Amino acid sequence: MIIEAYPAVDQLQIPNSVDWIGFDHYFIKNPKTDTHYLNELNTLKSKFSNNDQKLVIVMDTHFMSSFHNDIGGIELNEMHEVANNYYELAKSEPKTIAIIGYFWPSGFDLPNSIGARNMPQSIKENYIRIGKEITNKN
């Protein structure tokens, strides 16, 4: 598996031996309607070197107010909507094999950052709901 940072997607070279490919781009409320994200996704898909390669969607599951608020216009209580939007994108892409969240612990990038495990309970429950839907364990 390769996960590339969004600024380098256009330079990415994917060997045939890599099965799963994705990129990360955060602070986006709805990747299905964000022109920059969709352009990056299309660029990534154009670089697949064989039909067996699959797509990994990296969901924004962390919150840093200085970035989410200022760059994405996203409030903490809207992170459930962000998760739903990434999940809907993953379901709409036929080559999607996985959806993973960035990041789990709090304080990872900045001391006041909130990771998935420390999100408000309603948001964590939404992550659980999505996981159960994916695994058919409702």
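General remarks:
- Scanning the stretch 60-89 for residues that are of a type in the set (A, V, I, L, M), farther than 15 Å from Asn118 by Cβ and open to solvent by 10 Å² or more (accessible area, probe 1.4 Å) yields one hit, Ile71.
- Enumeration of residues in the stretch 91-114 that are over 14 Å from Phe67 (Cα atoms), at pLDDT 90 or above and not hydroxyl-bearing (Ser, Thr, Tyr): Lys91, Glu93, Pro94, Lys95, Ile97, Ala98, Ile99, Ile100, Gly101
- Pairs are defined by a Cβ separation below 7 Å, a sequence spacing of at least 6 or placement on different chains, a first member in the stretch 113-138 that is free of Cβ contacts under 8 Å to residues at least 12 places away in the same chain, and a second member that is assigned to a helix (DSSP H, G or I); the pairs so defined are Asn138/Lys132.
- Of all residues in the stretch 119-131, those being exposed (fewer than 13 other Cβ atoms within 10 Å of the Cβ) and at pLDDT below 95 number 1.
- Selection status of Tyr87, out of contact with any strand residue (DSSP E or B) (no Cβ under 6 Å at 6 or more places or on another chain), aromatic (Phe, Trp, Tyr) and touching a residue at least 24 places away in the same chain (Cβ under 8 Å): yes
- For the stretch 90-118, filtered to residues that are farther than 20 Å from Thr33 by Cβ and touching a helix residue (DSSP H, G or I) at 6+ places or on another chain (Cβ under 6 Å), the residue that is surrounded by the fewest Cβ atoms within 10 Å (Cβ to Cβ) is Trp104.
The values are calculated or read from the model by the stated rules, or taken from the named source; none is laboratory data. Only a predicted model underlies this, so the values are computations on that prediction, with no experimental measurement involved. Because the Cβ atoms are built from the backbone with ideal geometry, glycine has one as well, and the counts that use them run over all protein chains shown. For the accessible areas, the whole protein counts, side chains as well, though only heavy atoms, and no ligand, DNA or RNA atoms are used. Shrake-Rupley method; radii C 1.70, N 1.55, O 1.52, S 1.80 Å.
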